[in-house]
Amino acid sequence: MTYSETLNELKSRYPNGAPAGINLADLAQLKTQNTFETHLDIAKAMATVMRKDMAAYDKDSSAFTQSLGCWSGFHAQQMMRAIKRQKGSLDKAYVYLSGWMVAGLRNRFGHLPDQSMHEKTSVVDLIQEIYTSLRQADEVDLNDLFAELKTSDNPDAVIEKIDNFETYVRPIIADIDAGFGNVHATYLLAKEMIKAGACCIQIENQVSDAKQCGHQDGKVTVPREDFIEKLRAVRMAFEELGVTDGVIVARTDSLGAGLTQKIPVSREAGDHAAEYTKWLETSPVSGAGDLTDGDIAIQLNGELRKPVRLPNGLYKFQADTGEERVIEDCIASLNEGGADLLWIETATPNVAQIAGMVNRIREKAPHAKLTYNNSPSFNWTLNLRKQVREDWIASGKIKAADYPDGIQLMSAKFDEDALGLEADRRLQNFQTDIAREAGVFHNLITLPTFHGTAKVMNDLSEGYFGEQKMLAYVKEIQREEIRQNVSAVKHQHEVGSNLGDDFKEMTGGDRALKAGGEHNTMNQFENAA
């Protein structure tokens with residue numbers, strides 16, 4: 001309800017005034033500032049937002065969505081504040097919750113690799129924290145508007161701003177890794193994530209107990225039947241909790257995964273098991289003499305063959321079959337697993353490669369759309385400069401000897417060179433290109449706040465503990481916060497000191513002991529033109 005509707009409803013409920021002499025306008029303000037009753041309500045509302053955005057993208061590929069990976073509620077809050085400050089709206093902006101960052105930064109066990117070794121409740125806790133922070137941003141901004149309302153000569157205009165306030169709460173794409181266990185464990189964790197506010201859950205086709213970061217070696221995938229069961233588990237969690245618009249992202253790591261833990265059982269020709277096992281690396285078996293103790297043999301295309309098995313018991317896939325397996329994974333996830341979006345983990349950022357796979361997927365699943373990881377695991381500068389070099393050689397624009405073909409391309413001397421500038425142009429257009437040519441609905445960066453925090457602390461520490469001392473902080477951080485109108489420069493206000501003052505006034509009137517008086521140092525931080 002709008003503020004006016006809320007106030008009228010309260011007046012109707014308490015025609016003789018609220019108990020204890022509470023001001024009804026104050027109650028209406030508090031109810032308005034509490035933008036969502038529960039985080040499950042957030043999941044339902046944000047799922048609807050995502051569905052609307054997906055429909056818009058289907059009509060116009062330039063309407064793709066974006067997110068940054070955040071490892072705290074404050075990161076997510078500041079991201080949304082920056083977007084609203086710049087664009088005036090949070091349309092198409094999401095939050096990505098990275099399992100890598102939960103493992104690396106947000107668990108009780110310390111800094112861990114992305115191998116699902118951390119406690120699974122850490123993921124739920126971070127979703128809860130992010131939405132608590134975004135809701136507090138709502139509360140702070142609305143509280144400021146209500147303060148303006150009390151002194152305004154045009155209260156109707158302020159009420160209109162209150163009624164049309166855009167919440168900072170936005171969809172979270174939440175990483176459940178490989179499900180943290182069996183299919184029932186996946187379902188139970190998915191429910192907790194949804195109750196914490198997740199409207200979209202991303203799950204990958206790796207083995208839970210051998211899970212690896214998508215950009216490391218040693219990845220082990222599961223048979224497609226197993227993955228479909230986990231997709232069903234997530235869907236059932238959404239449906240049970242009434243989040244009927246819930247979105248599932250099915251991620252395949254098959255492009256870089258050369259191993260499987262088990263060989264599925266084929267019941268009929270062309271079933272998922274047969275489609276999975278056909279890619280195994282095998283050798284022919286002509287008789288019992290070709291088998292040793294512990295070996296197994298399977299029949300493939302009418303021929304008895306022995307799968308290559310490593311000392312750890314894992315089976316190898318044939319080399320250079322990753323793309324074929326990716327395409328089959330994606331078609332099965334969409335058409336039989338009920339997934340809504342795909343995630344293809346790649347080793348390099350190459351628009352043409354991804355577009356080629358998506359075009360083949362769409363032959364069997366025309367509605368295929370992707371979430372794409374614009375990963376910091378890629379050396380973007382080197383990859384894009386290499387691509388430009390190769391394209392220019394192929395077109396005859398340059399000779400191979402004109403530019404180096406290795407790490408030397410990272411040199412700063414190419415920053416203002418024609419090749420470096422062209423690579424930067426392609427970087428700037430990369431997300432637009434991949435959305436148009438490769439069906440990418442959502443572009444995300446998994447670990448920007450990990451690297452951003454490291455860079456800021458590195459630069460500040462070098463200056464502060466070096467020659468610059470206080471100048472390092474003031475010049476690089478505080479002065480820029482003031483000049484760019486970053487609200488967090490008024491750090492007391494940012495964390496709700498005005499909320500406390502106003503609530504004390506609601507309950508105690510003139511007796512309220514407030515922190516925000518004329519001697520509050522936050523009054524020093526107004527910008528000057």
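The values are calculated or read from the model by the stated rules, or taken from the named source; none is laboratory data. Everything numeric here is computed off the predicted structure, so don't read it as measured data. Here the Cβ is made from the backbone with ideal geometry for all residues, glycine too, and neighbour counts use every protein chain on show.
Scan the range 226-251 residue by residue and report those that are under 11 Å from ASN205 (Cβ atoms) and surrounded by fewer than 23 Cβ atoms within 10 Å (Cβ to Cβ).
If the condition is that a residue be under 11 Å from ASN205 (Cβ atoms) and surrounded by fewer than 23 Cβ atoms within 10 Å (Cβ to Cβ), then ASP226, ILE228 are the ones that fit.
Examine the range 149-171 for a residue that is buried (at least 24 other Cβ atoms within 10 Å of the Cβ) and aliphatic (A, V, I, L, M), and state whether such a residue exists.
Within the range 149-171, one or more residues are buried (at least 24 other Cβ atoms within 10 Å of the Cβ) and aliphatic (A, V, I, L, M).
Test ARG479 against the criterion of being over 29 Å from the mean Cα position of the chain (by Cα), under 25 Å from GLN86 (Cβ atoms) and without any contact (Cβ under 8 Å) to a residue 12 or more places away in the chain, and give yes or no.
yes
With respect to LEU126, determine if the residue is of a type in the set (A, V, I, L, M, F, W, C), part of a helix (DSSP H, G or I), without any contact (Cβ under 8 Å) to a residue 60 or more places away in the chain and closer than 21 Å to TYR168 by Cβ.
Yes: the conditions hold for LEU126.
Just give me the residues in the range 245-264 being of a type in the set (Val, Ile, Thr), farther than 17 Å from ALA210 by Cβ and out of contact with any Lys or Arg (no Cβ under 8 Å at 6 or more places or on another chain), in sequence order.
Correct list: VAL249 only.
Checking the conditions here, which among ALA273, ALA233 is in contact with a Pro (Cβ under 6 Å, 6 or more places away or on another chain), part of a helix (DSSP H, G or I) and touching a residue at least 12 places away in the same chain (Cβ under 8 Å)?
Among ALA273, ALA233, only ALA273 is in contact with a Pro (Cβ under 6 Å, 6 or more places away or on another chain), part of a helix (DSSP H, G or I) and touching a residue at least 12 places away in the same chain (Cβ under 8 Å).
Tally time: how many residues in the range 369-399 are assigned to a helix (DSSP H, G or I) and at positive phi?
Result for the range 369-399: 0.
Out of SER133, SER89, which single residue is among the small types (Gly, Ala, Ser), within 20 Å of MET193 (Cα to Cα) and touching a residue at least 24 places away in the same chain (Cβ under 8 Å)?
SER133
Just to verify a result, which residue in the range 90-115, among those that are charged (D, E, K, R) and modelled with pLDDT of 90 or more, is nearest to CYS200 (Cα to Cα)?
Residue satisfying both the conditions and the ranking: LYS92.
Name the one entry in HIS39, HIS118, HIS75 that is at pLDDT below 95 and surrounded by 18 or more Cβ atoms within 10 Å (Cβ to Cβ).
None of the other options fit; the residue is HIS118.
Scan the range 165-174 and give yes if some residue there is assigned to a helix (DSSP H, G or I), in contact with a Leu (Cβ under 6 Å, 6 or more places away or on another chain) and not acidic (Asp, Glu), otherwise no.
No.
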